[in-house]
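Every number here is computed from the coordinates shown, using simple stated rules; none is lab data. Computed from a predicted structure; not experimentally measured. Virtual Cβ from ideal backbone geometry, glycine too; neighbours counted across all protein chains shown.
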Amino acid sequence: MNETGDKVKAFQAGGVDYVTKPFQFEEVYARIQTHLQLHRLEKLRDDLTHMVIHDLRNPLMVIFNSLDIIEFHESKTSPPAPEFNHCRTSRCGGSKQYDKFNPRCQQDGSAR
């Protein structure tokens, strides 16, 4: 197999970088530094994402609980109001965007 084919096959198998022989210390060091920086940035991104989701859950829980109270009172006094139908569809399994922020929803969209 040719060199380009080997590289393509390695990347398709999940490789993210390669170093050729003979090793050049400066090149290897620069590649290691780059991968370490990428790892730090990915961790920072993940931490920030978790922080944003956590910070949004509190106000969204107030909204979800308010909807539950409205639905409860509506169900006691009259048949379900059509203007609240869109609220019911955004519950667990209705939308991955909403499910991510709703602490009552699990990853697969089912309720806890």
When you take every Cα atom in region 1-63, what is the radius of gyration, and what is Dmax, the widest Cα pair distance, in Å?
-> 19.8, 62
For region 22-34, Karplus couplings with θ = phi - 60° (6.51, -1.76, 1.60), whole Hz, Gly/Pro x = x, 5, 10, 3, 4, 5, 4, 4, 5, 5, 4, 4, 4
Phi to ³J(HN,Hα) by Karplus 6.51 cos²θ - 1.76 cosθ + 1.60 over region 55-69, Hz, x for Gly, Pro | 5, 7, 5, 4, x, 5, 5, 4, 5, 4, 5, 5, 4, 4, 5
Pseudo-spin-label distance E71 to N58, built 7 Å along Cα→Cβ, given in nm, is 2.5 nm
Which parts of region 17-31 would a label at Q37 reach, counting a residue when its backbone N lies under 15 Å from a point 7 Å out along Cα-to-Cβ?
-> 27-31
Under 13 Å from the Cβ of V28, count the other residues' Cβ atoms, weight Lys and Arg +1, Asp and Glu -1, and hand me the total.
-> -1
Using the Karplus equation 6.51 cos²θ - 1.76 cosθ + 1.60 (θ = phi - 60°), what ³J(HN,Hα) coupling, rounded to whole Hz, does each residue of region 37-54 give in order, writing x for Gly and Pro?
-> 5, 4, 5, 4, 5, 5, 5, 4, 4, 5, 4, 5, 4, 4, 5, 5, 4, 4
Taking the Cβ of A10 as the center, what net charge do the other residues with Cβ under 14 Å away carry, scoring Lys and Arg +1 and Asp and Glu -1?
-> -1
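Could you calculate the contour length gain from T4 to D17, that is, 0.36 nm times the residue separation minus the distance between their Cα atoms, to one decimal place in nm?
Values: separation 13, 0.36 × 13 = 4.68 nm, distance 1.35 nm.
Contour length minus the Cα-Cα distance gives 3.3 nm.
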